[in-house]
Amino acid sequence: MKEYSSDFVYDIKYATDATFLNAKVYDCPACYMRLKTVKALIKANKDFEKRGFKIKIWDCYRPLDVQIKMWKIVPDPRYVADPNKGSIHNRGGAVDVTLVDKYGKELDMGTVFDFFGKEASHKYLNLPKNILLNRRLLKRIMVANGFKSLNSEWWHYDLKTAIADPISNAKWSCD
Ligand SMILES: [Zn+2]
């Protein structure tokens, strides 16, 4: 992603142990995805920038071996995609994102990343209006740029045309 645009903010969560896994599953932070996903995300980011925001990226492409590692830590399909089926993250077509303002401050989306509870769902409407508006803005622009939302996770978006793409296990270098 960094080769194509410098307009994103990164906080690659799985390169830290501060996630629900309590384990660092990436050796180093990196954000790779299919070129069509990159292009769609750059377009979405330009739309957000017109409104004074930009995308902060939490996760991108995820090698299948990492999916297996995550599944071993939390073998529950409610929280981790079964590596036998694979996630769109393993296909280079999914991103976990939020929005930041011009000062780099995250917009209030009501929950943290990987919060597994009903409050993270797009269907959960018992939230302050500003939070609902922030989520709606994220969804509207992402959907307008070819992404599909996931009901249970407000931060997760799949590029529609990548859903049936092959799973990959390519790794990035940490040198
Ligand atoms: Zn995701």
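The residues listed here are Gly93, Gly146; of these, the one that is surrounded by 14 or more Cβ atoms within 10 Å (Cβ to Cβ) and within 21 Å of Tyr10 (Cα to Cα) is Gly93.
Among the residues making up segment 49-65, those that are out of contact with any Asp or Glu (no Cβ under 8 Å at 6 or more places or on another chain) and surrounded by fewer than 21 Cβ atoms within 10 Å (Cβ to Cβ) are Lys50, Arg51, Pro63, Leu64, Asp65.
Taking the condition more than 17 Å from Val25 (Cβ to Cβ), over 16 Å from the mean Cα position of the chain (by Cα) and either aliphatic (A, V, I, L, M) or surrounded by 13 or more Cβ atoms within 10 Å (Cβ to Cβ) (or both), does Leu133 pass? When the stated conditions are applied, Leu133 passes them. Among the candidates Lys105, Lys123, the residue that is at pLDDT 95 or above, over 18 Å from the mean Cα position of the chain (by Cα) and of a type in the set (D, E, K, R) is uniquely Lys123.
The values are calculated or read from the model by the stated rules, or taken from the named source; none is laboratory data. Everything numeric here is computed off the predicted structure, so don't read it as measured data. Please note: Cβ atoms are built from the backbone with ideal geometry, for glycine as well, and neighbour counts cover all protein chains shown.
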